[in-house]
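Asks: One structure, as structure tokens, below. Some questions next.
What follows draws every value from the coordinates through simple rules; no lab data is involved. Since we're looking at a predicted model, the values are computed, not measured. Glycine gets a Cβ as well: all are built from the backbone with ideal geometry, and neighbour counts include every protein chain shown.
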């Protein structure tokens, strides 16, 4: 059982790293097309929505 939990934790960690990398690539793509101000505004808007969805574990 502990081994399975460790595997799930590793997979979750990898998924989180991939998600952060994708978020960065998305930001850079928006910045290239629309500029830094637009990228920051859109990024802020998305994170405000995400903060409502994200709830602490436990």
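Asks: Please label the shape of region 2-53 as rounded, prolate or oblate, based on the square roots a ≥ b ≥ c of the eigenvalues of the alpha-carbon gyration tensor (a/c under 1.5 means rounded; beyond that, a/b larger than b/c means prolate, else oblate). Could the numbers behind the result be given before it?
Replies: On the way: a/c = 7.00, a/b = 2.29, b/c = 3.06.
Because a/c hits 1.5 or more and a/b fails to exceed b/c, region 2-53 counts as oblate.
Asks: Mind giving me the FRET efficiency for residue 49 and residue 9? R0 is 30 Å, r the Cβ-Cβ distance, nearest 0.05 is fine.
Replies: It comes out at approximately 0.65.
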